[in-house]
Amino acid sequence: MENKKEMKVKLLDCTIRDGGYLNNWRFEKRFVREVFRSLSKAGVDYFEIGFKGTEKFFNKESFGLWRFSEEKDIAEVCSGIRGPLITVMADYGKIELADIIPKSESVVTMVRLAAHKDKIKSAMSFLAKIKAKGYETSIQAMGYSCYSEKERREFAKILENFEIDYAYVADSYGSIFPDQMEQILEPLLQLKNNVKIGFHPHNNLQMAFANTIKAIWCGVDIVDGSIFGMGRGAGNLPTEIILAYLNDKMPDKFNVIPVLNCIDKYFINMKKQIGWGYQLPYMLSGIFQCHPSYSKKLINFKEFTMEDIWRALESIKGKNFPGFSEELLDNIISQGIAGEPSYHETTEKPDQFLKVKTEEKSFNVSYLDSHKKSTFLVLGNGPTLKQYQTEIQAFIDKYNPIVLAANYLGGLFIPHYHAFCNKRRFIDYVDTTHKSSKLLIGQYITDGIIKEYTQRDYEYIYYVDSLSNFGIVNGIIQCNCRTVSVLLMGLAVVMGAEKIFAVGMDGYLNTDSQGNLLFYNEVDEKKDRDIIIDMHKWNNKFIGQINEYLLNLGKEGIDILTPTSYTQFYKGIKNYI
């Protein structure tokens, strides 16, 4: 039977505040006013118009009005409309008490303060000072689904010592399921003081509506939504859906029609332009109760299968780290977790696999010094590989080098060796390789995967999966060289190269007129700018180290013959043909 509190529940709309993540809070005043008007007619109780902030923490040139929500702008938008009570939000640690004027001088009714669990106690003390200025106050417990039972009860005890109006459970990663709601809310619903309980859902797992209904049945006092679910990533509970539900239960208070009209007028086109809603990275962040930047970055690397990413996120979940840590992600990648064999394919534990592959006493690198004093040509996959196809073939015909290539070649050339170290690209392109080319496979692509996709003979490329300095010990390359094309330069050294040339090694800072990094169209080719710069930095480092290694052996260095952003190694191909 439904809890009677359902008939008294309040509704807060945070469209402008939460939706502002998508456009840096650059909403026109006329639009904000129309949203406010529709919510007023719909019977919504609170309207969160934006964040509160100052130039000390945020550059005003980088954000729109509603990242700062100044009094004059709020008053202009809301004047003459008898509507919901106005709310603003602030992130604890990014606001000062002086940023909040006395309530007697403000049209704002409530200030909500968001804080992670390690900052809750100090955030509550700060919030008490805001309440002393005359405002209703609310604490938003971010990442609450990651709280242990002990931490939930500790949070409840903290709440008993402060006089605030609302305490919110924020399902920050959209990771809660309905059958968990009662247990999650129970310590807060048992509070003896007058703190009201709220629920702020996210829709990563498409559970926002179901979880909100369950929260209402459990007895929460207020729930949040945003029109058309507008919000970063997977978005929020759509205000119109909860309004339709409450409209049926309390027709004398709520009316969904004005919000539907607003959606028809503004939000359908806006969603096409900006985009939000269900997305794979946010689904994964919900499953593993972690910040979505982990899954987004792992996917954007374009190097890992979904199984690899799943396993990496399992490890991140186990760390129970609040927010996002670039260092934690780098550590997990460098330890090889995302590149190790599936548990279904090996009985070895992941942290043992590297040691087994690289330290066996009977280890034999069959290709060690297999082409002594030879000239090698490494084929990268940059756009210049196709642009200079004629010149490259002329070079091959003239000098007869040992040709090493990787990934997709599209029939442009027939290499002596064709290599894959990226499991995704092996699966996608191994069937396009020329039958006369010897297959070389990165040692972390397992036998089971290889045999599933090809019946060809192959050899493993042996290297240590780390970002340590380039070196060779018993034929084993002592780093992963970051990309397969650079690894092939190291492999050429192992094979006994006297001189190494490269083409199609454009560098991650060079793109063609369409912004492509590869000569062929790959659906998921484009990477985040930060990743591109990072890849370029590592490649530049390792090419330099391989070049130095060759010179120290008394051999010639590396020449890249087609235009490249690794400029110190560039020597035009016309010098040779």
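Data table
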{"quantity": "Search result, residues across region 91-102 that are more than 16 Å from residue 49 (Cβ to Cβ), under 35 Å from the mean Cα position of the chain (by Cα) and assigned to a loop (DSSP other than H, G, I, E, B)", "calculated": "92, 93, 94, 96"}
{"quantity": "Residue within region 162-176 that is of a type in the set (Gly, Ala, Ser), at pLDDT 95 or above and surrounded by fewer than 20 Cβ atoms within 10 Å (Cβ to Cβ) present", "calculated": "no"}
{"quantity": "Helices (runs of 4 or more DSSP H) enclosed by region 368-476 - at least 2 residues per element that are out of contact with any Asp or Glu (no Cβ under 6 Å at 6 or more places or on another chain) and within 17 Å of residue 500 (Cα to Cα)", "calculated": "389-399"}
{"quantity": "Residue count, region 183-202 (criterion: more than 20 Å from residue 124 (Cβ to Cβ) and either modelled with pLDDT under 95 or not in a loop (DSSP other than H, G, I, E, B) (or both))", "calculated": "3"}
{"quantity": "Filtered residue count, region 485-511, keeping only those that are more than 33 Å from the chain's Cα centre (by Cα), not small (Gly, Ala, Ser) and not in a strand (DSSP E or B)", "calculated": "3"}
{"quantity": "Hey, residue 408 touching a Phe, Trp or Tyr at 6+ places or on another chain (Cβ under 7 Å) and touching a residue at least 60 places away in the same chain (Cβ under 8 Å) or not", "calculated": "yes"}
{"quantity": "Restricting region 88-134 to residues that are exposed (fewer than 15 other Cβ atoms within 10 Å of the Cβ) and in contact (Cβ under 8 Å) with a residue 40 or more places away in the chain, the residue that is nearest to residue 59 (Cα to Cα)", "calculated": "96"}
{"quantity": "Matching residues in region 536-555 - criterion: being touching a strand residue (DSSP E or B) at 6+ places or on another chain (Cβ under 7 Å), within 20 Å of residue 463 (Cα to Cα) and surrounded by fewer than 18 Cβ atoms within 10 Å (Cβ to Cβ)", "calculated": "none"}
{"quantity": "Residue count for region 418-442, restricted to those that are buried (at least 20 other Cβ atoms within 10 Å of the Cβ), hydroxyl-bearing (Ser, Thr, Tyr) and either without any contact (Cβ under 8 Å) to a residue 24 or more places away in the chain or within 25 Å of residue 299 (Cβ to Cβ) (or both)", "calculated": "1"}
{"quantity": "Search result, residues across region 266-302 that are within 28 Å of residue 35 (Cα to Cα) and part of a helix (DSSP H, G or I)", "calculated": "266, 267, 268, 269, 270, 271, 272, 273, 274, 282"}
{"quantity": "Single match in 462, 458 (criterion: over 30 Å from the mean Cα position of the chain (by Cα) and either farther than 15 Å from residue 369 by Cβ or acidic (Asp, Glu) (or both))", "calculated": "458"}
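The values are calculated or read from the model by the stated rules, or taken from the named source; none is laboratory data. The shown structure was predicted, so the numbers you read here are calculated from the model rather than taken from an experiment. Glycine gets a Cβ as well: all are built from the backbone with ideal geometry, and neighbour counts include every protein chain shown.
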